[in-house]
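Visitor: The structure is given below, and queries will be raised subsequently.
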Amino acid sequence: MKSLIKAVAIAAVLAVPAVSFAQSNEPGVTRAQVRNELIQLEKAGYNPATANDATYPADIQAAEHRVQEQNAQAVAQQPAADTGYGAATGGTSQAGAPARLDRANTVNFGH
């Protein structure tokens, strides 16, 4: 019985590192995306230099709201062809003739 408990304990100890180092396959936010978001917020009126501002949460939330409105307006103004929706375009494909097998030039000819 003691050997069973020891075996279970050893298996658990060996399994923990495998689970704890699992990584997500989802890509994170890139530096370029963060920089573009900050530029959009600054254009919407947010100033990150005022870090001791008493109205910090309200200021950034208002700027984020303005950015969301601007992005929604930009999407609404796009032509329908740019949205990616709609019927699929007809496509064609052409396959060549089947390859001829010339048995006289194969490696195993005559064997």
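Visitor: What's the exposure ranking of Leu4, Leu41, going from fewest to most Cβ atoms within 10 Å?
Guide: Fewest-to-most Cβ neighbours within 10 Å comes out as Leu4, Leu41.
Visitor: Also, quick follow-up: Please compute the Kirkwood hydrodynamic radius of region 29-77 from all pairs of different C-alpha atoms, in Å with one decimal.
Guide: 11.5
All of the numbers you see were taken from the coordinates with simple rules; none came from a lab. Values in this document were obtained by computation on a predicted structure and should not be read as measured data. Cβ atoms come from the backbone with ideal geometry, glycine included; neighbour counts cover every protein chain shown.
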